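The values are calculated or read from the model by the stated rules, or taken from the named source; none is laboratory data. Since we're looking at a predicted model, the values are computed, not measured. Using ideal geometry, Cβ is built from the backbone for each residue, glycine included, and neighbour counts are taken over all protein chains shown.
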Amino acid sequence: MNPTPQIDTHYAETVIASGRRPGDLLRTRRTTTPGLDHARAAWQVVYVSTDSYLEKIPVSGMVLLPEDVQASVSASILVYCSSFHGLGGPAPSQLLAAGTEPESSRIDAALGRGFIVAVPDGEGMGIVGAGPYTFLAANAAAHTGLDIARATAHLADAHASASPVVMWGYADGGRAVIAAAEQHREYAPEVGLRAVAAGAVLADPGQLAARLSENEWAFLVLAGFVGLSRAHQHLPLRHVLTDEGRRMTTAAAKLSAAALADRYRHPVGNWCERPDPWNDPMWRYVLAKEKIGLAVPHVPVHLYHGTHDALVPDEQGHAVYRHYLAAGASVAWNEYATDHTGAALDGTAAALDRLTEHLVPAKHSTHRRALGVWKLLRSLRAE
């Protein structure tokens, strides 16, 4: 008889006590990060956040301290939102502790610049019983990202209680940080968000569903179907499925991205009552609410994209850029003559450069204000 596998108590099912607020730490534990060269210390954390409808939820993640602190970003928090890891399976904080996180090079690059790096797992990943991951749910992704910034400020060993914050992500992670920038003033105005960098932003999932459903990325349409059904579970969204479709999506809800890609290569319409479920009236309503650009950020935004991106066409990211520009936002655009994976690599240095640039003026401004007060006090004393 095989022994029952032990549940990691740090990620155990969690009930949030009355009075807890978003950003409150529920559990922390020190851990190692064998895949990172520039991490001095790391903690796996569980903190309070909210879902798409502002209901409180427990969320796991990781906070990492840099080996070398650089003056330009001293004590600054960089929230790094990962791209899609799956509907189930290991969360980024678990993969980082195991040394198998596929995006560790980007996280390590941020640590190498001297940032305190906070990595949210997102709603439905990591915590037992919380899944599936609410893939494409922009509100939940924004909340979990902003709340790990709050949680990092509460982590005594991070010494970041009044730190400025920047956010960075690619693909699903880029979508998360853009949503956070749009919601920052309303959801977490006390978080000192200074700038965001977002690559390969999927701005309009409804527009992309038909295109991806007919190629090798069809499993992502399925993942979006499962994730958004979970995020908007009070709405009748699963009515478009056949009986086989219901069985199939229940199984898919526990799988990693690699397993989904391996098992589900057919269009989602194969398991639905209609070939284009994204055109169902209820789904059209939900997908319209999940567009990026429903609000305009009040912090600088750096967008970047590959011109040969076969997964998220560059017109999706460029449409966000044009919209923000027309609305008067502070926004920059970089494009790279490469594909989805290539732009993730090529855009790393520029993204970190842009985020750092938006921290330096703020520090100089603080210094100038302090100097002005000092001069004023001297003049008053002289009188």
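Among the residues of the range 112-145, those that are in a loop (DSSP other than H, G, I, E, B) and either aromatic (Phe, Trp, Tyr) or under 18 Å from VAL191 (Cα atoms) (or both) comprise PHE115, TYR133, PHE135. In this entry, HIS318 passes the filter for residues that are surrounded by 14 or more Cβ atoms within 10 Å (Cβ to Cβ), part of a helix (DSSP H, G or I) and either without any contact (Cβ under 8 Å) to a residue 60 or more places away in the chain or outside the structural domain of ALA141 (by TED's automatic domain parsing) (or both).
Could you tell me whether ALA288 is small (Gly, Ala, Ser), within 23 Å of GLU182 (Cβ to Cβ), assigned to a helix (DSSP H, G or I) and in contact (Cβ under 8 Å) with a residue 40 or more places away in the chain?
Details: small (Gly, Ala, Ser): yes; within 23 Å of GLU182 (Cβ to Cβ): yes; assigned to a helix (DSSP H, G or I): yes; in contact (Cβ under 8 Å) with a residue 40 or more places away in the chain: yes.
Judged against the criteria, ALA288 is a match.
Here ALA343, ALA319, ALA362, ALA326 are screened, and the one residue that is of a type in the set (A, V, I, L, M, F, W, C), out of contact with any helix residue (DSSP H, G or I) (no Cβ under 8 Å at 6 or more places or on another chain) and modelled with pLDDT under 95 is ALA362. Of the residues making up the range 65-95, those that are over 20 Å from ALA259 (Cβ atoms) and under 16 Å from the mean Cα position of the chain (by Cα) are ILE77, LEU78, VAL79, TYR80, CYS81. When residues in the range 236-263 are screened for being within 24 Å of ILE127 (Cα to Cα), among the aliphatic types (A, V, I, L, M) and assigned to a helix (DSSP H, G or I), 8 of them pass. Taking the range 156-166 only, how many residues are part of a helix (DSSP H, G or I) and either of a type outside the set (A, V, I, L, M) or not assigned by TED's automatic domain parsing to the domain that holds ASP108 (or both)? Qualifying residue count for the region: 1. In the range 258-275, the residues that are without any contact (Cβ under 8 Å) to a residue 60 or more places away in the chain form Cβ pairs under 6 Å with partners that are outside any loop (DSSP other than H, G, I, E, B) and of a type in the set (Val, Ile, Thr), at six or more places apart or across chains, as follows: VAL268/VAL221; CYS272/VAL240; GLU273/VAL240. Looking at the range 149-175, which of the residues that are of a type in the set (Gly, Ala, Ser) and over 25 Å from ALA41 (Cβ atoms) is surrounded by the most Cβ atoms within 10 Å (Cβ to Cβ)? Taking the candidates together, the pick is GLY174. The residue list VAL201, VAL191 contains one member that is modelled with pLDDT of 95 or more, of a type in the set (Val, Ile, Thr), more than 17 Å from ALA332 (Cα to Cα) and assigned to a loop (DSSP other than H, G, I, E, B), which is VAL191.
Look at the range 26-57 and say how many of its residues are in a strand (DSSP E or B) and either in contact with a Lys or Arg (Cβ under 9 Å, 6 or more places away or on another chain) or within 17 Å of ILE77 (Cα to Cα) (or both). Steps first, answer last, please.
Here is the first cut: in the range 26-57, the residues in a strand (DSSP E or B) are 26-31, 39-50, 56-57.
If we keep only those that are either in contact with a Lys or Arg (Cβ under 9 Å, 6 or more places away or on another chain) or within 17 Å of ILE77 (Cα to Cα) (or both) too, we end up with 26, 39-50, 56.
Qualifying residue count, the range 26-57: 14.
Only residues that are among the acidic types (Asp, Glu) and either crowded, with 16+ Cβ neighbours inside 10 Å or not assigned by TED's automatic domain parsing to the domain that holds GLU101 (or both) were counted across the range 26-79, and they come to 1. ALA218 passes every criterion in (1) of a type outside the set (Val, Ile, Thr); (2) surrounded by fewer than 22 Cβ atoms within 10 Å (Cβ to Cβ); (3) more than 22 Å from SER256 (Cβ to Cβ) apart from (3). A single member of GLY174, GLY169, GLY206 is in contact (Cβ under 8 Å) with a residue 12 or more places away in the chain and assigned to a strand (DSSP E or B), and it is GLY169.
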